[in-house]
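Please read the structure below before turning to the comments.
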Amino acid sequence: IKLKFPFFDVCVANVPYQISSPLTFKLLSHRPLFRCAVLMFQREFAMRLVAKPGDPLFCRLSINAQLLSKTSHLMKVSRNSFRPPPKVESSVVRIEPKNPPPPINFKEWDGLVRLCFSRKNKTLGGIFTNKKVTALLQKNYDVYCALNDVEKEDINVKDVVKQTLEEVKMNGKRSSKLSQDDFLLLLETFNKKGLHFT
């Protein structure tokens, strides 16, 4: 994980399960972009990687990986295919990075998604009006204004959050059911109102 990857076009690997997530995102941030990766993961991780909105396994990993790539489940691999057999089942997944990558600040995107999936079955209204979340957004607003030489306005973050969620009609929606386009719209609308997630 700490080594710099050389140029490559295709990656085929049986990934040590404890580094599945960091390796996946290191691959997806690698430049120049590679053509595809075919990777064997622990079954549960693989199914989270390819899960769609509404699936019980849909999570932050799913939405982040699918923002940056096209993911597809190729095959299941039984534990009995190995000697000695491991305790878990495996799956092979194909990952194709989107080229060009989406024109989005990934840290900002991940900040939003991290908040949304902290309680994925709670409504967005419940998540974003939580005192800790509004305090975080206020702090982010103050830092953003200071770093970008933006004149700071006296805003009520909780009111701005409520207005934003009503504007995009997502106040009563849950993260586990939102599409990538829903998250993109939510991020864009928050940003237009001066609220940021980094």
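Only the coordinates and a few stated rules stand behind these numbers; no lab work does. Given the structure is predicted, the values throughout are model-derived calculations rather than measurements. FYI the Cβ positions are ideal-geometry reconstructions off the backbone, even for glycines, and counts take in every protein chain you see.
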Requested in this report: Would you please classify the overall shape of the range 1-98 from the alpha carbon gyration tensor, given that a ≥ b ≥ c denote the square roots of the eigenvalues, rounded means a/c under 1.5, and beyond that prolate means a/b larger than b/c while oblate covers the rest?
Outcome: oblate
Report task. Identify the residues of the range 168-198 with backbone N under 14 Å of a label point that sits 7 angstrom from the Cα of residue 108 along the Cα-to-Cβ direction, or state none. Result -> 184-198
Query raised in the report: Can you give the FRET efficiency for residue 81 and residue 55, using 1/(1 + (r/R0)^6), R0 = 25 Å, r = Cβ-Cβ distance, to the nearest 0.05?
Result: 0.45
Report summary line: Looking only at aspartates and glutamates whose Cα falls under 17 Å of residue 122's and that sit 8 or more positions away or on another chain, we get 55, 166, 182
**Report entry** Distance from the range 9-47 to the range 73-124 (C-alpha centre basis), Å
**Finding:** 9 Å
Query raised in the report: How much of the DSSP beta bridge set in the chain is antiparallel, as a percent to the nearest 5?
Result: 75 percent
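Provide the gained length on full extension for the span residue 138 to residue 8, in nm with one decimal, where the gain is 0.36 nm per separating residue minus the Cα-Cα distance.
Result: 42.5 nm gained on full extension.
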Query raised in the report: So, with +1 on the Cβ of K and R and -1 on the Cβ of D and E, and no other charges, what is the size of the charge dipole of the range 1-144 about its Cα centre, to the nearest 20 debye?
Result: 300 debye
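Subtract the Cα-Cα distance of residue 192 and residue 35 from 0.36 nm times their separation in residues, and report this length gain in nm to one decimal.
Gain in length upon complete extension: 53.1 nm.
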**Report entry** Largest-first ellipsoid semi-axes for the range 91-198, taking √(5λ) over the Cα gyration tensor eigenvalues, angstrom
**Finding:** 25, 18, 12
Report summary line: The aspartates and glutamates whose Cα lies under 17 Å from the Cα of residue 152, excluding any fewer than 8 residues away in the same chain, are 142
Query raised in the report: So which residue, out of 183, 34, 82, gets the largest mean-square fluctuation from a GNM of the chain using Cα contacts under 10 Å as springs?
Result: 82
**Report entry** FRET efficiency estimate (nearest 0.05) - Cβ-Cβ, residue 185 to residue 17, R0 35 angstrom
**Finding:** 0.50
Report summary line: Rounded to the nearest 10 degrees, the helix 157-167 long axis (Cα) sits at an angle to the longest Cα principal axis of the chain of 70 degrees
Report summary line: Computed over the chain: longest principal axis from alpha-carbon atoms vs helix 131-147 long axis, angle to nearest 10 degrees, is 80 degrees
Requested in this report: Whole number please: convex hull volume per residue, Cα atoms of the range 151-198, in Å³.
Outcome: 86 Å³
Query - Share of pairwise Cα separations in the range 1-45, more than 12 Å, in percent - result: 61 percent
Query raised in the report: Amide H to amide H, which residues 5 or more places from residue 105 or on other chains are under 5 Å from it, using H placed in the peptide plane?
Result: none
Report task. Show that you can apply the helix-only estimate: for the chain, add -39,500 (n - 2.57) for every DSSP H stretch of four or more residues, divide by all residues, and state [θ] at 222 nm to the nearest 500. Result -> -12500 deg cm²/dmol
Query - Candidates per trypsin sites (Lys or Arg not before Pro) in the range 11-72, loop by DSSP, up to 12 other Cβ within 10 Å - result: 35
Query raised in the report: Which of these values of Cα Rg over 2.2 N^0.38 Å was calculated from the structure shown: [x] 1.08; [y] 1.17; [z] 1.13?
Result: [y]
Report task. Would you mind checking the pairs 26/132; 2/107; 131/177; 70/158; 107/139 and listing those with alpha carbons more than 26 angstrom apart? Result -> 26/132; 70/158
